[in-house]
Structures are given as structure tokens and as C-alpha cells.
Amino acid sequence: MKKYTKRSILFLLIAALLLVACGGGAPETVTNPIAVEGNNETSRDEADDSYVETITTEGEPVEVTRIVTETVIVESGDMAEESVDTAADFEAPPAPLATAAPAITNDSIYPAPTPTSAAQPSAMFFEEYGVNPYILTEVDNLSTFSLDVDTGSYSIARRYLQDGHQPPPEAIRVEEFVNSFDQGYQIPPNTDFAVYADGAPSPFHTDGTYFLRIGVQGYESSEEVRPSANLVFVIDVSGSMAQENRLGLVKQSLEILVNRMRADDTIAIVVYGSDARVVLPPTNGSDRNTILSAIYSLDTEGSTNLEAGLLLGYEMANRAYKFDGINRVILASDGVANVGNTSADSIATQIRGYADSGIQLTTIGFGLGNYNDVMMEQLADQGDGNYGYIDTLQEAETLFVDNIMSTLQVIGLDAKIQVEFDRNVVQQYRLIGYENRAIADEDFRNDTIDAAEFGAGHTAAAIYAVQLVPGAQGRIATVNLRWQDPDTRVVKEINGVFTTDNLVNSFDAAPLNYQLAVVVSQYAELLRHSYWVDGFNMRDLQIRAERLASQMDDEAVWELANLISLSR
């Protein structure tokens, strides 16, 4: 395999810099937000100081609830500030510096996984949510949905493919594919959230289709300054967890998380088989030996009383509740329930009250075959949490090391997006994914409607396919983001405008992370046999993915390219 000397690497870097200077490098990642929040240090007393105003856009008048001194509106990518008391304190996120593309060597190529000879998994439970249609803006120009940051669907599909099987179409949720990849957004400084938007012509269509990417980026919080955590592990030790050494992977995965805990954190452990019991009462995070000994002492047993285990876990979390801290139940299971209440709806109803009182739920799936994706996804939804799937220790590292703060600390409750398309510019649009996250347009500002929870540093993106009115120029859409502060319970809203001037003329000139998000969305569309993917195939996507992997030098993108190859 070819090796490079220091001198040759220096020459490559100089050449890359010259290419960038001459406009020949890879497209810059442009992450100027279309909307950011202002000063987010609102006290409880300030929370009452709100009012309703009407903003008249090029579309219909919209009533917007404002929190005085808190909202900054940015239109058309410019920093045009609303008149607010804290305008002087607002600092726009810095634009990224241009950087030279790294030299790609043969060593960078991520090896393609070899499919195993595993048997076709049986007793898998998924739910079909359908595929969003195109909507004429003359009929309905509002698109409203709950933000979703789950990633379980992509990880499950990867496991299917690496085991030599095509994933079932109903297992594919497009948004969970897209949100499994870095969107390249800058972290907003001193604000809760920033909203981003970009768009370019589709490379897969000849009918004038554009793909828009609308994304939200939450602020980051370091582990050192995060609130102390009260965690309760609810571990499935039923007989089905003996398959594929599922319980063994649970133990190794939770060890990674335990090693990240601080002395002021507490960890408790509840297990369930035929019934539920406490294995470890709340124990200081510094007592790792005691916690790990309890975890590694577990063995499989009996039937599966998920209901009893989860309710006992919530009871433990409630007793150890930390005011102004992180309170979370972490369910590790294959989602199967065959004792007590066994439906996702009935169990979710019982945990809703705990979620409303500040205890969030993370569900982590293990195993393929005798696995209930519906249970795990719906419990996380109703438990104000997130759903992940772990099939390797590398995935556990991603969840509990790389994304630990977004896994644990919530920065926004009931986060909702509403996109208002301009009827004079957009002829029709289609939201790709989020089928089971739709919210009635009139409920966008109904704060009794439950929506998604957003963790520190989390990113969520949505892809739209749009067709414009021929020759039209101007505002494409106004993007509105609404959420509730988890500490003060103040409801906040920001919005920004995306116009035809913000579109890129060609797909290849668009930011690489944008291109990746589009390719991933179309890959998911093909896997779920969407009727909107006529005219291109897996080979077309593989070419795009391999090119992006080379340009981005990203192992995760190489893995995507190889998964697309397996799908062929």
C-alpha cells in the first residue's frame, strides 16, 4: 500500500491550498444560520413578560408569541436584527474558515464489510407509516412536524445488510438515516438553537426538482459543567437476551457509560425477566467497581415483563430525583414483552406522567430476530427521550462517548418545526420522512401537544423535495422553530427566511454535508421502495457516496458507500 513521506504530504497540502485559493477545491461548508436565538439566560420572572405580535410576510399573516429580549430574526442569511433589548449582546455565529481538503491516500479507504451467513431474522416487529406525497402550496403551504433525533432505523438496516439481508421496507425511517450523519453545522454560541437551510437542484431528476435541507443545531455543553445525573438502568435479562450474546453486549455498552460518570452522579440498576427487581440501589458514580460488579453479575432468566421492569425503574428514578439535575431511565432491551401489558400504547400511557414530571427515557435496542422496533421507538417518543440501536461496541462508543451530552442532557422540550412555503414561488413540496412525526398545522403553537426532545449538541435535519413556479424569484419559505426551555418552562420561538438567492446553482457546488444528507435520504427512499425514486438506482447513489467519502475523508461515509454496494 502506498506510503507518503513528510515532504510529499507537504507538497500535497500546498497544492490543495492553491486549489482552494483558485476556486478548484471542494465546496465550502456554508453554515450561516437563517435564524438564531438571542440571549438565552431568561429568568422565571422574565418568562411572564411575553406578548403576541403579527408579522406579515409575503404569505399569510402569522401570529408569533415573542419572549421579550430573547428573539432575533435573521432574514435571507443576513444579520438583520429585530429591535430587542439584548440586541447589543447578540453575537452571530462565526463563519467557518476555508480549509484545504486533506490529501486522500489508499490508506483512507474503509474496507467493505463481508456479509455473514446469518439466517434471515424472524419475529421482527416494524410499523409501516407510509410515504409523504407532494403537496400543492395552493392547497396547503404549511408543513409541520416534531423534530426527531433518533438513529435506530439506520443502525438496524446496517445490521441487516452486514448479515447479508435486505432490511424490510417498513424498517426504514428516512429521518433516522439522515440524522445518523454529521450535518456540518456550527454550534451556536451563547444561544439555545440555530436554524440552517440550504438547497440545490436534484442530480437525480430532470423535472426541475430541488432538494432543500432544513436543520436545527443545539448548543453544546461540556461534561465538566453538566448537571449531576440520576440514571437508572433498566436491563432486560429475559431468555431472549441470551441470543447472540445480547446481554453480553449490554454489559459492555453500559460499562462505557459508567466510566463516563462523575462522583456526584448516581446509578441504580433494575432488571426484569418474569418479574422485576432492584439489583443496585442509587450508588455514587465514583463507586465504579460496585456498579460494574452488579452489571457483570447479571444472567438471563425467565419470561419478559417489560412493563414491570420499566415502572420499577421509573419508581427508582423518582425516589432519587435530582432537582436541577439530569433524571433519566435507560432501557436496554430487545423490545419484546410477553408478560403483563405487552403493547407499546398501554405501557407508554403509564410512563407519560413521569415524562411530564421531568424524567426522560432513552431506549437502546439490542439483537436482530425476536426484536420489537415499534416498542422501542414508541416508548422513547412517549418518554420524552431518544431511541438508539447498538449492534457493535463502536456504536456504543458513539452513543455513550461521542454523543454523551446529547444522550443525557435535554436543552429543549416539545421542539416543533413549521415551514411556510410561499405560494408565489413554490408550486409543490414533499417532506421526505417524518411520516410518524406529523403535527396538525393549527397545533404548531398549541403547547399542550407533545413533540420531540432535543439534547445538548444534537442536530436534526429534514429534506424537502420542491418544485418552483417557473421563473419565480424571492422567498421560498419561512422556517419557524418552537420549543420549551426544560428549566424555566418558557416557550420560545425563532424564525428565518430562505430565498431563491440562497439556492446553489448545481448540486456539486453545494456543501458536502448537504450533498451527503440528500444521498442518504434517497438511499433510504430506495430501501423503503418509495414510489418517488423512479429514474435512478443504487449504482447512481454508490457513485455519489464514494465520491463524497473521498472528498470528506470520513469513515462513516465510506461505510455508507459500502452499505449501498451491499444493497445492490
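Bear in mind that the values in this text are calculations on the coordinates, not laboratory data. The model shown is predicted, which means the values in this text are computed figures rather than measured ones. Backbone-built Cβ (ideal geometry, glycine too); neighbour counts: all protein chains shown.
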Intensity falloff of the range 229-408 expressed as log10 I(q)/I(0), Debye formula with alpha-carbon point scatterers, at q = 0.19 Å⁻¹: -1.33
- line: residue 397 and residue 469 label points (each 7 Å along its Cα→Cβ direction) are spaced in nm at 5.3 nm
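Go ahead and run the numbers for FRET between residue 350 and residue 301, Cβ-Cβ distance against an R0 of 30 Å, rounding to 0.05. Let's see the in-between values first.
Working: r = 24 Å, r/R0 = 0.79.
My answer for the efficiency is 0.80.
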query: What spacing in nm lies between the two simple spin-label points modelled at residue 324 and residue 534, each 7 Å away from Cα in the Cβ direction?
result: 6.1 nm
message: Give me the Å³ per residue figure for the convex hull around the C-alpha atoms of the range 143-216.
response: 153 Å³
message: Quick one: 3J(HN,Hα) in Hz for the range 240-257, Karplus 6.51/-1.76/1.60 with θ = phi - 60°, rounded, Gly and Pro as x.
response: 5, 6, 7, 5, 6, 6, 4, 5, x, 5, 4, 4, 5, 5, 5, 4, 4, 5
In order through the range 524-540: 3J(HN,Hα) via Karplus (6.51 cos²θ - 1.76 cosθ + 1.60), integer Hz, x for Gly, Pro: 4, 4, 5, 5, 9, 6, 5, 7, 9, 10, 5, x, 8, 9, 4, 4, 4
- line: A correct Karplus calculation of ³J(HN,Hα) over the range 378-390, with 6.51 cos²θ - 1.76 cosθ + 1.60, θ = phi - 60°, whole Hz and x for Gly and Pro, returns 6, 5, 4, 5, 6, x, 6, x, 9, 10, x, 10, 10
field: Tail weight of P(r) past 18 Å, computed on alpha-carbon pairs of the range 371-447, percent
entry: 61 percent
- prompt: Between the range 232-278 and the range 477-554, how many Å separate their Cα centres?
  reply: 35 Å
